[in-house]
Amino acid sequence: MTRRAVVTGASTGIGWATVALLRSHGWEVVAVARRAERLAALAAETGCDVFAADLTDAAQVGALAEHVQGPLHALVNNAGGARGLDSVQGGSVEDWRWMFEANVIATKQVTSALLPALRDGAEAAGSGDIVTVTSIAGHVPYAGGAGYNAAKFAEHALVAVLRLELAGEPLRVIEVAPGLVATEEFSLNRFGGDRARADAVYAEVPDPLTAGDVAETIVHALELPAHVNLDLITVKPVAQGLGSQTVKGELRVKR
């Protein structure tokens, strides 16, 4: 049986890499993002199906569910993002609202809309998966992370409650919480297109994670035997202790 997945946030970074890896493993994939031109490039590269949608819009999520139809074996909730590096007091309410919409509301809406197709897939194949890419920012707060911490903590709670709600069904609920990942757009978007600030996040950090590293983690979790559930996977570069503790310069053995 050919397995079928939906991957959101697929126009760049972790989402793009996950689509490409799943396709190389023989999965059928529906790649979802807002930017149709980026999805077209991904389809040309990987042969995936694509659907352009703003996942904070309920009507567009409904249209996605209509497009998917039929049995679905995995959903990878990867869409989201950060804006700003501000305090609770000084942070922009609009930035906070966008982060909650992109990280929490979108995940809720897509999961709700695609659960019937996932249940169809699980009934036919014996199992199904919902993977949500959160962040270590949803587990450990850090100075300057106020709005993003709040949104990702909420998304982590959503995943935990969903796991309780689906107990007894052959559906695994998996959370992947990456640390420092050097992708082409995450920090650039966070800092409003300021390339110097974005590049400074990764400067002198030895081997931050790549989008491909996180994609490997996601696909590994999906392809484990159906009775094995990796509830929570925290994946960080060796150079990162906590969210706010990152080593600069060469890693060396201490004696």
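The values are calculated or read from the model by the stated rules, or taken from the named source; none is laboratory data. Fair warning: this is a prediction, and the values are worked out from it, not measured in the lab. Ideal geometry is used to build each Cβ from the backbone, glycine not excepted, and the neighbour counts take in all protein chains shown.
Tabulated data for the structure shown
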| quantity | calculated |
| --- | --- |
| Checking residue 66 against (1) touching a residue at least 12 places away in the same chain (Cβ under 8 Å); (2) surrounded by fewer than 16 Cβ atoms within 10 Å (Cβ to Cβ), the condition it does not meet | (1) |
| Subset of segment 75-108 [of a type in the set (A, V, I, L, M, F, W, C), part of a loop (DSSP other than H, G, I, E, B) and at pLDDT 95 or above] | 79, 88 |
| Any hit, segment 82-103, residues being crowded, with 16+ Cβ neighbours inside 10 Å, under 24 Å from residue 32 (Cα atoms) and touching a Leu at 6+ places or on another chain (Cβ under 7 Å) | no |
| Tally of residues being free of Cβ contacts under 8 Å to residues at least 12 places away in the same chain and assigned to a loop (DSSP other than H, G, I, E, B) across segment 15-50 | 0 |
| In segment 227-247, the residues that are part of a loop (DSSP other than H, G, I, E, B), closer than 18 Å to residue 183 by Cα and not small (Gly, Ala, Ser) | 236, 237, 238 |
| Among residues of segment 77-91, those that are free of Cβ contacts under 8 Å to residues at least 24 places away in the same chain and among the polar types (S, T, N, Q), counted | 1 |
| Those residues of segment 20-47 which are in contact with a Phe, Trp or Tyr (Cβ under 9 Å, 6 or more places away or on another chain) and within 22 Å of residue 115 (Cβ to Cβ), in sequence order | 30, 31, 32, 33 |
| Residue count, segment 114-130 (criterion: within 27 Å of residue 17 (Cα to Cα), among the small types (Gly, Ala, Ser) and either touching a Phe, Trp or Tyr at 6+ places or on another chain (Cβ under 8 Å) or in a helix (DSSP H, G or I) (or both)) | 4 |
| Residue count for segment 115-130, restricted to those that are in contact (Cβ under 8 Å) with a residue 60 or more places away in the chain and either under 13 Å from residue 166 (Cβ atoms) or among the basic types (Lys, Arg) (or both) | 2 |
| Conditions (1) closer than 21 Å to residue 214 by Cβ; (2) without any contact (Cβ under 8 Å) to a residue 24 or more places away in the chain; (3) of a type outside the set (Phe, Trp, Tyr); (4) crowded, with 21+ Cβ neighbours inside 10 Å: number failed by residue 53 | (1) |
| Residue check for residue 56: among the hydroxyl-bearing types (Ser, Thr, Tyr) and out of contact with any strand residue (DSSP E or B) (no Cβ under 8 Å at 6 or more places or on another chain) | yes |
| Candidate set from segment 143-181 (those that are outside any strand (DSSP E or B), of a type in the set (D, E, K, R) and touching a residue at least 24 places away in the same chain (Cβ under 8 Å)); member that is surrounded by the most Cβ atoms within 10 Å (Cβ to Cβ) | 155 |
| Residues that are crowded, with 18+ Cβ neighbours inside 10 Å and at positive phi, drawn from segment 1-32 | 9, 13 |
| Residue count for segment 61-74, restricted to those that are outside any loop (DSSP other than H, G, I, E, B), of a type in the set (Gly, Ala, Ser) and more than 14 Å from the chain's Cα centre (by Cα) | 3 |
| Unique match (being β-branched (Val, Ile, Thr) and part of a helix (DSSP H, G or I)) among 2, 56, 111 | 111 |
| Subset of segment 188-226 [among the polar types (S, T, N, Q), assigned to a helix (DSSP H, G or I) and at pLDDT 85 or above] | 217 |
